[in-house]
């Protein structure tokens, strides 16, 4: 069997690397900005396009899909060619993947600050961009699968298993969660409503973390950690157990984000059970990674790449232990809606994803530019800045989160809430917000140093755009003598992919079918009526401004919450909510029972100058809402869309909807005028007030 020279495509690797570096700096900078706004609201510069609610999703999308996403493509394109001993199947598809992905990121960077959002966590981008994401993901998948099919190395190494699982599962997650009904070029409504929408969203949201931030990075760990350490993976058998158990169990765990909510108890319990089970495969992967470094710990002390990898894998282990602990109802009762959750998330993102990305870049760039790293000292400085910055960030938020949870639940000896004013709990943790922003700034400085170091490294060398490699002319199996059942399966990529698909679909089908097919799971409440046209517009303003990023609409069945907010939330109250707006964080109080609690003038003044109604508030002013008008031409489309989605508006109601809207708006304006406030009937402010006054008023409450 003869040998031939092939050429690996390093140009595409370089492109994704630089994109990851640049977008990473942008995403981290936005992160520091929003962290600053939590103790200094005026940091938005009075600009509606840079408020916390508008740019928080910009930060999350930038770091997840731009920074991490480009890094995934960088690592996959580099490792896949070398593991399969072949160039990528199509240079054209590689380039389409690159430029298409960058255009998607640019579209996100434009639309999210403009308030064009679906409001769904990690899936905020509107429907045209969702379609583009699906197309680019298919391009990537086709290129990867065809490369696997034409491989010269028959055996598929463990990293490739994780790459395949990532492609298949992310495609399923994105398509199912993104079912929406457009009413304009950049406005749509979720196909699902209320409880069903929440279930689908957190099936997606949790597994976006699982299959975009975890499985591809485990594949990268299995390739680059042995390379950097010059050691084989600790255990092949453990990698098999790790892979199959992880992808099967992970997909079930989403409901643990909805404990004590209006989600049916059976779904909550299912999420808890599988979340606890997740500890075993997750820690199996961590152990396999760390023990790969056995015998080279002296080298770890000197090598910044290995140090970063150790912190990354340790961060993965910590996050995947803490996640199941949060799924225990006793822990979740305290931690949910608090800053403890962002702390947990950032152990994973700053530690696992950030540190592993940095390490891989330090490893790849000198090799594809045929030179040495410009400065090992700067890389070591970057390591320490990243580690210290991460510790400042997460420790401050652990402290803040636990303080929040305890204060929310604290009663006096007489049986009254000790902190009835929610703002007391906010003011108490403002110093922790300052520390968090400082930690994020340190982390950003480290990333800037890395960017300088990598660009200097590239300048000192020359890109080997088409790297030559001597390989066997035909497909070979270097492990034929060890032909176990799994080894044989690794030589059959199509069969392997089918088994992966079955493994990840089982959990989703079991969770969804009862919720979607058994009507009694979502009991209706006769008193709950559809939103009026004005309230629909107000709800869209609420979504546009990202209010869901700071306010929940889910009163849980705890005495501490019913005393503070009123009657706990019922599943039937959300049947007309497209999308659901339960939220995942309380920087401000829950709003589900807000309706009728304050006069219209209170809401107006609170939006114009928050501290005038709530001294010490960290909410920014929303003065532009009084100046901007809602688009009345959209009203008939909104009504038609909602009717299509099952909301019982009468046939022909769309023709009189604007007349009804004007009548209700005139009443709000009249209420404001009584308190000396002049407002336009078509203003976004009036629509938002109408929506806020509707919240929770369909059923009788205790408050």
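Each reported figure results from applying straightforward, stated rules to the coordinates on display, with no laboratory input. Everything numeric here is computed off the predicted structure, so don't read it as measured data. Note that each Cβ is placed from the backbone with ideal geometry, even for glycine, and that neighbours are counted across all protein chains shown.
Before moving on, here are some points about what is shown:
- At the listed q of 0.11, 0.17 Å⁻¹, the Debye profile of region 522-615, built from one uniform point per Cα, gives log10 I(q)/I(0) equal to -0.35, -0.88.
- Mean separation of Cα contacts under 8 Å, 6 or more apart, over the residue count of region 533-694: relative contact order %: 34
- Theoretical ellipticity at 222 nm over the chain - DSSP helices of four or more residues, -39500 (n - 2.57) apiece, nearest 500: -20000 deg cm²/dmol
- Degrees, to the nearest 10: 653-674 long Cα axis against longest axis of the chain: 70
- Spin-label model distance (nm) - residue 464 vs residue 371, 7 Å beyond Cα toward Cβ: 1.5
- Ranked by how many other Cβ atoms sit within 10 Å of their own Cβ, fewest first, the residues 655, 130 fall in the order 655, 130.
- Projected-area average for region 638-679 over all orientations - Cα convex hull basis, square nanometres: 3.5
- Here region 11-77 yields Rg over Rh of 1.12, to two decimals, using C-alpha coordinates and the Kirkwood radius.
- Region 1-77 and region 292-316 have Cα centres spaced 25 Å apart.
- Angstrom value of the Kirkwood radius, inverse mean 1/r, which spans all Cα pairs in region 533-694: 16.6
- Cα radius of gyration and Dmax for region 61-164 (Å): 15.3, 49
- Subtracting the Cα-Cα distance of residue 498 and residue 280 from 0.36 nm times their residue separation leaves 76.0 nm of extension gain.
- Region 610-637 and region 198-248: distance between their alpha carbon centers, rounded to Å: 43
- Cα-based Rg of region 244-391 normalised by 2.2 N^0.38 Å, two decimals: 1.24
- Helix axis angle, 265-277 relative to the chain longest principal axis, alpha carbon, degrees: 30
- Annotation: region 253-312 has a Kirkwood hydrodynamic radius of 14.1 angstrom, from the mean reciprocal C-alpha pair distance.
- Gyration tensor verdict on region 115-210 (Cα atoms; rounded if a/c is under 1.5, prolate if a/b is larger than b/c, oblate otherwise): prolate
- Ranked for footprinting exposure by Cβ neighbours inside 10 Å, fewest first, 554, 434, 136 give 434, 136, 554.
- Distance from region 326-340 to region 528-559 (C-alpha centre basis), Å: 23
- Compared with the dominant principal axis of the Cα atoms in the chain, helix 422-460 is inclined by about 30°.
- Taking other Cβ atoms within 10 Å as a rough exposure proxy, 442, 72, 494, 689 sort from fewest to most as 494, 442, 72, 689.
- According to the Kirkwood relation over distinct C-alpha pairs, the hydrodynamic radius of region 338-483 is 19.0 Å.
- For region 625-702, alpha-carbon Rg and Dmax in angstrom: 14.1, 41
- Along its three principal directions, the equivalent ellipsoid of region 158-304 from the Cα gyration tensor extends over semi-axes of 36, 18, 12 Å, largest first.
- Nitroxide proxy distance, nm - points 7 Å out along Cα→Cβ at residue 633 and residue 185: 1.2
- Gain upon complete extension [residue 380, residue 287; 0.36 nm per residue less C-alpha separation]: 31.0 nm
- Cα gyration tensor, region 615-655 - rounded (a/c under 1.5), prolate or oblate: prolate
- Dividing the mean sequence gap of close Cα pairs (under 8 Å, 6+ apart) by how many residues the chain holds gives a relative contact order of 18 percent.
- Normalised Debye scattering of the chain at q = 0.05, 0.06, 0.10 Å⁻¹ gives log10 I(q)/I(0) of -0.25, -0.36, -0.97, counting only Cα atoms as equal scatterers and leaving out solvent.
- The distance between label points at residue 666 and residue 235 comes to 7.5 nm (points 7 Å beyond Cα on the Cα→Cβ vector).
- The alpha-carbon positions of region 229-271 define a convex hull whose volume is 87 Å³ per residue.
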